[in-house]
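Here is the structure we will look at, set down as C-alpha cells.
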Amino acid sequence: MWLKAIDHIQVTSTPDLEDAMRFFYGQVLGLSELPKPVALKAVAGAWYQLGNTQVHIATEPEIYNAETRRHIGFQVEDLEAFRQHLQSLAVEIIPDRQPIEGCDRFYLRDPGGNRLEILTYHF
C-alpha cells in the first residue's frame, strides 16, 4: 500500500473571516495551533494539530463552501457534552438526516462555511 496516513486537511475561508476561523478552530474546537514553516509565515491562515493530523486554514478571494457536502469528520468522546459546548457558543447544530447504525452524529459549519461532522461510535 502506498499511502500510510492523512498528514493534513485544508479548509478555506475568505480573508475577512480569518480571525473568526482562527477563533473557531483554536477556541471553539480547542485545537492546538502550530507555528507555520518560515516560508509560509507571511501567507494568511493558520495550522492546527489534532493527534497525528493537521488542519490547515487558507484564504481565497471567493469560496463556495456552504454549497458542498465535503467535510471533515471529528470523533468526540461525549457527543452531548460537545453539543452543549457548541450551543453555549451559539454554534448552529445541523441534525443528522441519514443515521448510521452504531454512530451518533451531527453537523455544523465553520465561519467559512466548511462542513464539519461531529460523531461518536457505540457498539
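Side notes on the structure shown:
- Helix 79-88 vs. the chain, principal-axis angle (Cα, 0 to 90°, nearest 10): 60 degrees
- The calculated 222 nm mean residue ellipticity attributable to helices in the chain amounts to -3500 deg cm²/dmol, summing -39500 (n - 2.57) over DSSP H runs of n ≥ 4 and dividing by all residues.
- Mean Cβ count within 10 Å, highest first, over the residues of peptides 33-42, 108-117: 108-117, 33-42
- Dividing the mean sequence gap of close Cα pairs (under 8 Å, 6+ apart) by how many residues the stretch 1-105 holds gives a relative contact order of 27 percent.
- For the stretch 8-121, size of Cβ-based charge dipole, Lys and Arg +1, Asp and Glu -1, in debye: 240 debye
- At 0.692 mPa s and 37 °C, Stokes D of the chain from Kirkwood alpha-carbon radius, µm² per second: 211 µm²/s
Each value in this text was obtained by applying a stated rule to the coordinates, not by laboratory testing. Please read these numbers as outputs of a predicted model, since none were measured by experiment. With ideal geometry, Cβ positions are generated from the backbone for all residues, glycine too; neighbour counts draw on all protein chains shown.
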